[in-house]
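Below is one structure, written out as structure tokens; comments come after it.
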Amino acid sequence: MRVLKGHWQLLLLTAVVFAFWQTKAVVPLKILIVFFHEASHAIATVLTGGEVISLSVSPDQGGLVISRGGSRFWTLTAGYLGSLLIGIALLIAATRTKLDRQIMALCGIVILIIAGFYVRETFALGFTIGTGIVMIAASIILNHNINDMILRVIGLTSMIYVPFDIFSDTIARSNLRSDARMLAEEFGGTTVMWGGLWLVISLVMIGWAIRHVLGRSSNLTLR
């Protein structure tokens with residue numbers, strides 16, 4: 001009962017996302033999470049001394065990073081878990097800080113920078129530039145509460161999408177050429193083993209965020 005009272009808004013948002021999960025309304029959010037996934041690959045590549053050649057996302061919620069060098073273990077591992085970390089960070093920022101407009105603007109700027117350096121394909125370029133501009137515009141035009149709600153929706157969608165995607169790509173359809181399959185081919189083990197490990201880690205991360213970060217109440221006070 002205390003959880004319901006303190007977090008009813010997040011629970012309602014989660015229910016809404018699930019209700020529209022198979023509709024076109026959620027597709028832009030899913031593509032954004034895929035962008036987070038690919039951006040996490042790119043960031044891990046750069047941080048481990050590699051070079052990113054290009055980054056792309058597609059209308060069917062696919063994505064691809066072409067890179068040279070860097071740590072293959074960390075770049076392959078970073079995709080799912082990195083996008084989940086981004087989602088958790090955005091949710092924490094929305095629920096525990098008053099910097100929603102600044103964070104929204106920063107997200108837009110970072111997306112535009114990544115687009116400028118690495119994105120070349122028409123759809124991916126249009127999506128990333130459009131998303132970056134919309135986020136910056138939202139931070140300027142819309143008030144704190146609306147920016148807060150947008151960040152919550154993005155964060156929650158990531159927290160829902162990533163474990164589902166890990167299970168779908170690496171366990172339910174382990175024949176796919178996923179990050180987990182490439183990791184298994186290059187470092188040993190099996191696709192299901194790596195996917196299962198990532199799934200457990202993602203659920204632990206989500207549980208930790210819910211238990212230790214959101215506090216007794218995450219409800220947004222409307223004003």
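When each of Arg173, Arg152 is tested for being on the phi < 0 side of the Ramachandran plot, open to solvent by 50 Å² or more (accessible area, probe 1.4 Å) and not aliphatic (A, V, I, L, M), the lone residue that passes is Arg173.
Taking Ile33 as the residue in question, decide whether it is in a helix (DSSP H, G or I) and open to solvent by 10 Å² or more (accessible area, probe 1.4 Å). For Ile33, the condition - in a helix (DSSP H, G or I) and open to solvent by 10 Å² or more (accessible area, probe 1.4 Å) - is not met. Remark: Pro28 matches the filter, which requires a residue to be within 21 Å of Arg120 (Cα to Cα), open to solvent by 20 Å² or more (accessible area, probe 1.4 Å) and part of a helix (DSSP H, G or I). All of (1) surrounded by 15 or more Cβ atoms within 10 Å (Cβ to Cβ); (2) within 17 Å of the chain's Cα centre (by Cα) hold for Leu64 with one exception: (1). Only residues that are within 21 Å of Leu10 (Cβ to Cβ) and open to solvent by 20 Å² or more (accessible area, probe 1.4 Å) were counted in the stretch 124-144, giving 3. Out of the residues in the stretch 46-58 that are in a loop (DSSP other than H, G, I, E, B) and free of Cβ contacts under 8 Å to residues at least 40 places away in the same chain, state the one that is least open to solvent (accessible area, probe 1.4 Å). My answer is Gly50.
Listed by first and then second residue, the pairs linking a residue in the stretch 166-186 that is under 13 Å from Phe73 (Cα atoms) to a residue that is modelled with pLDDT of 85 or more and surrounded by fewer than 16 Cβ atoms within 10 Å (Cβ to Cβ), with Cβ atoms under 6 Å apart and 6 or more places separating them unless they lie on different chains, are Ala184/Thr190.
The rows are residues; the columns are (1) touching a residue at least 24 places away in the same chain (Cβ under 8 Å); (2) under 13 Å from the mean Cα position of the chain (by Cα).
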site: Phe35; (1), (2): yes, yes
site: Asp60; (1), (2): no, no
site: Gly70; (1), (2): yes, no
site: Thr75; (1), (2): yes, no
site: Ser83; (1), (2): yes, yes
site: Leu91; (1), (2): yes, yes
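Of all the numbered requirements in (1) exposed (fewer than 15 other Cβ atoms within 10 Å of the Cβ); (2) modelled with pLDDT under 90, Ile92 misses one, and that requirement is (1).
The values are calculated or read from the model by the stated rules, or taken from the named source; none is laboratory data. Everything numeric here is computed off the predicted structure, so don't read it as measured data. When we count neighbours, we look across all protein chains shown, and the Cβ atoms used for this are built from the backbone with ideal geometry, even at glycine. Ligands, DNA and RNA are excluded from the accessible area calculation, which covers all protein heavy atoms including side chains. Shrake-Rupley method; radii C 1.70, N 1.55, O 1.52, S 1.80 Å.
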